[in-house]
Amino acid sequence: MMPPARAAIFVDKDGTLVDDVPYNADPALLRFKPGALAALSALAARGFVLLVASNQSGLARGFFTRVQFTLLQAVLERRLLEEAGVALLDVMICPHAPAADGTPQCPCRKPAPGLLLRAARRHRLDLGRSWMVGDTLDDVEAGHRAGCRSILFDSGGETLWRHTPLRRPEVCLGEWDEVVHHILAADAAPARTAAVQP
Ligand SMILES: [Mg+2]
Ligand SMILES: [Zn+2]
């Protein structure tokens, strides 16, 4: 018998998991957001699998190479393991650049849901029980388009605040311990309102 599909936490990287250093590929500049390590550890202990879902248009723009990003990712994953005992199930990256007006030209650049949908197929994830956590409304929309619930981690990354129903987060929080509290409380609740469907 197949094991049941797993609930996931999709975490945006820049501005959510680590400080947003634009187009950074230098492992020395990785700084975890306060509380992020303890939060991921707590969510993993509750049975969620953890994935990073990140737009990295610096690849398409030629600001850094695949090899450089692979090294950065390896350091990120090693530090999560060493400093928090947290193993990421996967790191989902969109390497493409958007159109001049910011619209994705691929199915994977957030706010498109491609990274999450690909991860769900690859790892048998239950998207309806999963969450997207990110610092922009593009993260929120990507989560909703994939059928997840979305938390806006408000660390100052969103500047445009273009609102549509899909871009309305379940909740907007500024601290990682609040994110954990919200997810664990919602996960424990017997009845749950469904995520906004596209
Ligand atoms: Mg971000
Ligand atoms: Zn893409």
Model label zone, M1; criterion: amide N under 16 Å from point 7 Å along Cα-to-beta-carbon; scope region 118-147 = none
The chain accessible area per residue, 1.4 Å probe, protein heavy atoms, integer Å², reads 48
Using the membrane-span-like helix rule (whole DSSP H runs, Cα extent along the own axis of at least 15 Å, mean Kyte-Doolittle hydropathy at least -1.0), which helices of the chain qualify?
-> 66-84, 176-188
If you project the alpha carbons of the chain onto the principal axes, what extent comes out on each, in Å, largest first?
-> 48, 39, 38
Please give the length that would be gained between C106 and H123 if that part of the chain were fully extended, namely 0.36 nm times their separation in residues minus their C-alpha to C-alpha distance (nm, one decimal).
-> 4.0 nm
Just the number, please: carbon plus sulfur as a percent of the accessible area of the chain, 1.4 Å probe, no ligands or DNA/RNA counted.
-> 56
Considering only L29, L152, L88, give the residue with the highest GNM mean-square fluctuation for the chain, with springs between Cα atoms whenever their separation is below 10 Å.
-> L29
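The values are calculated or read from the model by the stated rules, or taken from the named source; none is laboratory data. Here the structure is a predicted model, which means the values were calculated and not measured. Here the Cβ is made from the backbone with ideal geometry for all residues, glycine too, and neighbour counts use every protein chain on show. Just the protein is used for accessible areas: all its heavy atoms, side chains included, with ligands, DNA and RNA removed. Shrake-Rupley method; radii C 1.70, N 1.55, O 1.52, S 1.80 Å.
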